[in-house]
Amino acid sequence: MTEPLIELKGVSKSFGNNKVLDNVDLTIYRGEALGIIGPSGTGKSTILRVIAGLIALDSGDVFIKGVHREGLIEDGTDPVGIGMVFQQAALFDSLTVEENVGFSLYQYSKLRRSRIRELVNEKLEMVGLSQIGDRYPAELSGGMRKRVSFARAIMSNPDNPKDTPEVLLYDEPTAGLDPIASTVIEDLIRQLQCIQGVCSTYAIVTHQQSTIRRTADRLVFLYQGKVQWQGSVSEIDTTDNPLIRQFISGSISGPIHVAG
């Protein structure tokens, strides 16, 4: 992992009087699976939105493949495509699965509807959901809705190859799922990483132990707006860092403040 794909340098972000990110440096390397962990409210989801170009910084810089990003994603074009899977799937209830997955192409491309349907079916097959394009989100289980959101995140326009997501950002993809459904999602995340030209690099925010251990190779621990620790997944069981020890054990005693 010698080529930085995404770099955050001195990034800070506040919401009102709450400083969520405080001079954060973060690097994501091409082909890696980065887990971003830490207590609730410590800026993990905010970091994903910064990487995706969805929120403005108070200070700091974001580099994508060495190119400095100016403004938000809507203000320009990144050198690589970045897709995001939101925690609650964020599907449009009034649209079918097909319309949800193909939304960006229906809205912004010049592709024929028949071609978009082909692409939608291709992506649904990738996530193990063939033949459900005519269903609505309310007709799906929580795990199925998550997989539909994966299909939408990896959708791309073949007329614009640069839009193909090389990086995927997962925000709590297994939250609210039972252990079996979580395993299905964890396996899918790894499978998608292996598909040529789809999403060989990803960052995942999660609290769940199984998801941390099964989907991440390297970990970054956030607390009080700062990166407090970095290491491999195997190191979380051997490190003496008191923050990691408390977080992994779930103990209420330790340096992490437990909100009442």
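Would you say Val97 is within 24 Å of Arg30 (Cα to Cα) and in contact with an Asp or Glu (Cβ under 8 Å, 6 or more places away or on another chain)?
For Val97, the condition - within 24 Å of Arg30 (Cα to Cα) and in contact with an Asp or Glu (Cβ under 8 Å, 6 or more places away or on another chain) - is not met.
Looking at segment 133-155, which of its residues are part of a loop (DSSP other than H, G, I, E, B) and under 22 Å from the mean Cα position of the chain (by Cα)?
Leu140, Ser141, Ile154, Met155
For the structure I just gave you, tell me whether Thr238 is among the polar types (S, T, N, Q) and either under 20 Å from the mean Cα position of the chain (by Cα) or closer than 18 Å to Pro39 by Cα (or both).
Against the criterion (among the polar types (S, T, N, Q) and either under 20 Å from the mean Cα position of the chain (by Cα) or closer than 18 Å to Pro39 by Cα (or both)), Thr238 does not qualify.
Contact list please: Cβ distance under 9 Å, first residue in segment 28-55 and farther than 23 Å from Arg213 by Cβ, second residue surrounded by fewer than 22 Cβ atoms within 10 Å (Cβ to Cβ) and among the basic types (Lys, Arg), pairs at least six apart or on different chains.
Gly53/Arg69; Ile55/Arg49
Could you identify the single residue in Asp134, Asp178, Asp187 that is closer than 23 Å to Leu95 by Cα, surrounded by fewer than 20 Cβ atoms within 10 Å (Cβ to Cβ) and out of contact with any helix residue (DSSP H, G or I) (no Cβ under 6 Å at 6 or more places or on another chain)?
Asp134
Looking at this structure, is Val80 among the hydrophobic types (A, V, I, L, M, F, W, C) and at pLDDT below 95?
yes
Is there a residue being among the β-branched types (Val, Ile, Thr), touching a Lys or Arg at 6+ places or on another chain (Cβ under 8 Å) and assigned to a loop (DSSP other than H, G, I, E, B) anywhere in segment 228-239?
Among the residues of segment 228-239, at least one is among the β-branched types (Val, Ile, Thr), touching a Lys or Arg at 6+ places or on another chain (Cβ under 8 Å) and assigned to a loop (DSSP other than H, G, I, E, B), which makes the answer yes.
The values are calculated or read from the model by the stated rules, or taken from the named source; none is laboratory data. Remember, it's a predicted structure, so these values are computed and weren't measured experimentally. Every residue, glycine as well, gets a Cβ built from its backbone with ideal geometry; the counts of neighbours run over all protein chains shown.
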